[in-house]
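The values are calculated or read from the model by the stated rules, or taken from the named source; none is laboratory data. Predicted, not measured: the structure shown is a model, and the values here were computed from it. Neighbour counts run over all protein chains shown; Cβ positions are idealised from the backbone, glycine included. Just so you know, the surface numbers come from the protein's heavy atoms only, side chains and all, with ligands and any DNA or RNA stripped out. Shrake-Rupley method; radii C 1.70, N 1.55, O 1.52, S 1.80 Å.
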Amino acid sequence: MLAKVLSGALLGIDAYPVEVEVDIAQGLPQFATVGLPEGAVKESKDRVKSAIKNSGYEFPTRRITINLAPANIRKEGTAFDLPMAVGLLTATGLVAPERTARFLFMGELSLDGCIKPVRGALPVAVAARCWDLDGLILPAANAEEGALVDGHPVYSVKTLGEVVDFLTGNRILEPCQVDIASMINKAAQEDVDFAEVRGQEHVKRALEVAAAGSHNILMVGPPGSGKTMLARRISTILPTQTFEEALEITKIHSILGLLPAGQSLVAKRVFRSPHHTISDAGLIGGGAHPRPGEVSLAHNGVLFLDELPEFKKNILEMLRQPLEDGQVCISRAAQSLTYPASFMLVAAMNPCPCGYQGDPQHSCTCTPAMLQRYQTRLSGPLLDRIDLHVEVPRVPHKDLADPIDAESSESVRARVEATRQVQRERLAHYGLYANGQMQARHIRKFCVVDEEGQKLLEMVTDRLGLSARTYSRILKVARTIADLAGEERILQTHLSEAIQYRELTRKTQF
């Protein structure tokens, strides 16, 4: 007898339908799985056989063939265990075929028939909105994740027996419900705050400008000056994440199985801080079977690279494409995938190998050769893609001992959100939401400066030998500073502030 059960599989961060076709025929007992299954899918036959027997059902001792269609795309993961088992029970006549045809099944089976969570439930639920179904049957640990999507009802199951009883009408399951507003409000409660940072007012101002325009920023300073502390708090001043943005980043975490237990939505801006020993596939994405990297996990959030020169140079150069395009394209012989990677880069580094160049309280022990090697670890093209370079000096004792709290993240975020709203209204026609995303044609239209500003830019460009990309970055930063000040036009004061965020490039001779 032949039975067909619907499931889903992942292709990049999106999903496509997979039809699990089960055929039970006369012949010697055999269990074959076709349709380009990888290792975990091939092993499903042993889990399915034990789960069916231990759940109290009879396993057919005949020739069994299971096809995963479309058969020309590689299938991986354990999510096909449940649809295989349901298909076998349907083919034996235990479950009515017209009943199983109306649902999508995903789940990993344990040997005793319990259903374990799987990766990628959210992308499948998003894609299933366009499929003609009565609902999705997912593991209990994935049910809230799938119910985030306003589409088909999602039914939570814990055992294979529950699924069979539901399909045969012996059990009633209620659709899973989630309170999205509560999730977002709960995530808005931050455990760090800008008020905890003493001193460094000019650095806080630079971070506010960076957050307001979604600009990349590099902080250079001696050890202990607060670079990491400042970086970890920048996500607290970014605009509150919308549900659509949360859904995008949750899809990426879902396909990698990184959602913590009990958390079905990544409701707040992510902060990713990979170690400098990370591989190129770990940072950018890739591998034999391509997977998203840290740049995609930081989508709509912050990617913090501490000790930037310690990263391998070839890995840093790979950041150029995502910094420019907001996405990563990974091509292999069999397929080409695109992952979103629109993140805000926050980097930190010491001014020299020993860390004390320019520090009035410590002597630098680096030789000119050591300085040269250290400085050449970062290429000019990469630094051109970082909008703001800011110096972070050591915090004096009077600032550390000041009992008065600094401005809180909440008040800074209010200004940032107001500025972002101005930018969204200005750039909505182009599908952009921040000044940091503007391209050349947008800069020409929205970053017009007066005659005095042009003279200043001409003088600085000729004196510092700035590249065309750096020139554009200065204009974008100046546009953000003007938006923060509530000005329609870019004034000379806005340009001056934007330019001083580039002077560090010349000081360190990068």
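Among what's in the stretch 100-118 and is more than 15 Å from V20 (Cβ to Cβ) and not in a loop (DSSP other than H, G, I, E, B), pick the residue that is least open to solvent (accessible area, probe 1.4 Å).
Out of the qualifying residues, it is I115.
Okay, residues lined up against (1) under 21 Å from Q500 (Cα atoms); (2) at pLDDT below 90:
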site	(1), (2)
S411	no, no
A414	no, no
Q421	no, no
G436	yes, no
C447	yes, no
E452	yes, yes
M459	yes, yes
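Check the stretch 364-382 and report whether any residue there is touching an Asp or Glu at 6+ places or on another chain (Cβ under 7 Å), of a type in the set (G, A, S) and not in a loop (DSSP other than H, G, I, E, B).
No, the stretch 364-382 contains no residue that is touching an Asp or Glu at 6+ places or on another chain (Cβ under 7 Å), of a type in the set (G, A, S) and not in a loop (DSSP other than H, G, I, E, B).
How about the stretch 328-374: which of its residues are surrounded by fewer than 13 Cβ atoms within 10 Å (Cβ to Cβ) and touching a residue at least 60 places away in the same chain (Cβ under 8 Å)?
Selection gives A334 alone.
Would you confirm, using the coordinates I've provided, whether A281 is within 17 Å of the chain's Cα centre (by Cα), more than 30 Å from I499 (Cβ to Cβ) and either in a helix (DSSP H, G or I) or among the acidic types (D, E) (or both)?
Numbers: within 17 Å of the chain's Cα centre (by Cα): yes; more than 30 Å from I499 (Cβ to Cβ): yes; either in a helix (DSSP H, G or I) or among the acidic types (D, E) (or both): yes.
For A281, the condition - within 17 Å of the chain's Cα centre (by Cα), more than 30 Å from I499 (Cβ to Cβ) and either in a helix (DSSP H, G or I) or among the acidic types (D, E) (or both) - is met.
Can you tell me which residue within the stretch 336-371, out of those that are more than 21 Å from V392 (Cβ to Cβ) and of a type in the set (S, T, N, Q), is nearest to the chain's Cα centre (by Cα)?
S342
With the requirement that a residue be more than 17 Å from K227 (Cα to Cα) and not in a helix (DSSP H, G or I), what does the stretch 388-418 give you?
The answer is A401, D402, P403, I404, D405, E407, S408.
Assuming I404 fulfils every condition listed in (1) open to solvent by 60 Å² or more (accessible area, probe 1.4 Å); (2) touching a helix residue (DSSP H, G or I) at 6+ places or on another chain (Cβ under 9 Å); (3) under 29 Å from T240 (Cα atoms) apart from one, which condition is it?
So I404 meets the others, but not (2).
If you go through the stretch 2-16 one residue at a time, how many are at pLDDT 95 or above and open to solvent by 60 Å² or more (accessible area, probe 1.4 Å)?
Number of matching residues: 1.
Which condition from (1) part of a strand (DSSP E or B); (2) more than 38 Å from the chain's Cα centre (by Cα); (3) not β-branched (V, I, T) is the one that L28 breaks?
Condition not satisfied by L28: (1).
Just name the residue that is farthest from L283 (Cα to Cα) out of those in the stretch 294-338 that are modelled with pLDDT under 95 and part of a strand (DSSP E or B).
S336
Return the pair list, or none, for Cβ contacts closer than 7 Å from residues in the stretch 211-237 that are in contact (Cβ under 8 Å) with a residue 12 or more places away in the chain to residues that are small (G, A, S) and open to solvent by 10 Å² or more (accessible area, probe 1.4 Å), at least 6 apart or on different chains.
G213/G436; S214/G436; H215/G436
Per-residue answers, yes or no, for (1) open to solvent by 60 Å² or more (accessible area, probe 1.4 Å); (2) closer than 25 Å to L259 by Cα; (3) of a type in the set (S, T, Y); (4) free of Cβ contacts under 8 Å to residues at least 24 places away in the same chain:
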{"position": "G120", "(1), (2), (3), (4)": "no, yes, no, no"}
{"position": "I137", "(1), (2), (3), (4)": "no, yes, no, no"}
{"position": "D150", "(1), (2), (3), (4)": "yes, yes, no, yes"}
{"position": "S156", "(1), (2), (3), (4)": "no, yes, yes, yes"}
{"position": "T159", "(1), (2), (3), (4)": "no, yes, yes, no"}
{"position": "K186", "(1), (2), (3), (4)": "yes, yes, no, no"}
